[in-house]
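Read the structure below first, then the notes.
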Amino acid sequence: MDNISYTKEIVNYIKRNSTCVMEINQNKCINKDPYLFSPKNLINLNKMILLYNQIFKENITCIIFVGDIPFNAVSFEGVIALNNKLNEKPYTFIYKYLPHEMIHQCNGCKIKYIGHAKEWLRESLTEYVQLVMLKKILGNKFYNDQIKEYVKMDTISGDNTKVNLYQFDSEKDRVFLNSLVYGRGVLLFRKIINDDINLLTQLFYRMA
């Protein structure tokens, strides 16, 4: 089965076995789940959408599902799915997983990467963009707490392993995924971009 057919099969499975909790149609939020999307969360979601528009220079249209899926979250073009256990944690749902998957609608679904550095560009960069967006929305305390978490996650020592961000292979080096991609990778993008949204916008404009 080719990748396109496999992707369609997964998307169809999600649609059949999951519940729609939100539709975003050209930036407009409709058919929302009131439990997950309280008035405050909805305000912040709209701020995320505006930042998405600014960074990627495009509107966003997607359907957000919650279901019994074998991972926390996944994004395909026009479809985002999150594990139904996250329903019990609206804050985690809205501020840890949803913006990451929204960003994947462009960086990962439309802009695709190949080669050993693909996880750095697809996942570390996406996680970093989420950090920058949430800094704008939730403020410096949230931002600084998140930086501490990324620092804790970066446990790889160059003396102990030859694995690095460029050579990382998601199949062979799975044990290093969180520390390299979601720890060190995010911190490196922070050092390179320094939370400059205009620089992020230029970066994605050149890659699109």
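Residue 205 fulfils the conditions (1) closer than 25 Å to residue 97 by Cβ; (2) in a helix (DSSP H, G or I) except for a single criterion, (1). Being surrounded by fewer than 23 Cβ atoms within 10 Å (Cβ to Cβ) and within 11 Å of the chain's Cα centre (by Cα) holds for only one residue in 96, 136, and it is 96. Against the list (1) among the polar types (S, T, N, Q); (2) more than 27 Å from residue 51 (Cα to Cα); (3) touching a strand residue (DSSP E or B) at 6+ places or on another chain (Cβ under 7 Å), the condition residue 126 fails is (2). The C-beta contact set for the stretch 185-199 (first residue assigned to a helix (DSSP H, G or I), second residue open to solvent by 40 Å² or more (accessible area, probe 1.4 Å), distance under 8 angstrom, 6+ apart or interchain) comprises 185/120; 187/151; 187/154; 193/199; 193/203; 197/54; 197/136. Quick check on residue 155: is it open to solvent by 20 Å² or more (accessible area, probe 1.4 Å), without any contact (Cβ under 8 Å) to a residue 60 or more places away in the chain and closer than 25 Å to residue 39 by Cα? No.
Residue 101 fulfils the conditions (1) charged (D, E, K, R); (2) open to solvent by less than 50 Å² (accessible area, probe 1.4 Å); (3) closer than 15 Å to residue 204 by Cα except for a single criterion, (3). When the stretch 52-87 is filtered for residues that are touching a strand residue (DSSP E or B) at 6+ places or on another chain (Cβ under 6 Å), hydrophobic (A, V, I, L, M, F, W, C) and not in a strand (DSSP E or B), the ones remaining, listed by number, are 60, 69.
The values are calculated or read from the model by the stated rules, or taken from the named source; none is laboratory data. A quick note: this is a predicted structure, and the numbers were derived from the prediction, not measured. No Cβ is skipped: glycine too gets one built from the backbone with ideal geometry, and neighbour counts run over all protein chains shown. Please note that ligands, DNA and RNA were not included when accessible areas were found on the heavy atoms of the full protein model with its side chains. Shrake-Rupley method; radii C 1.70, N 1.55, O 1.52, S 1.80 Å.
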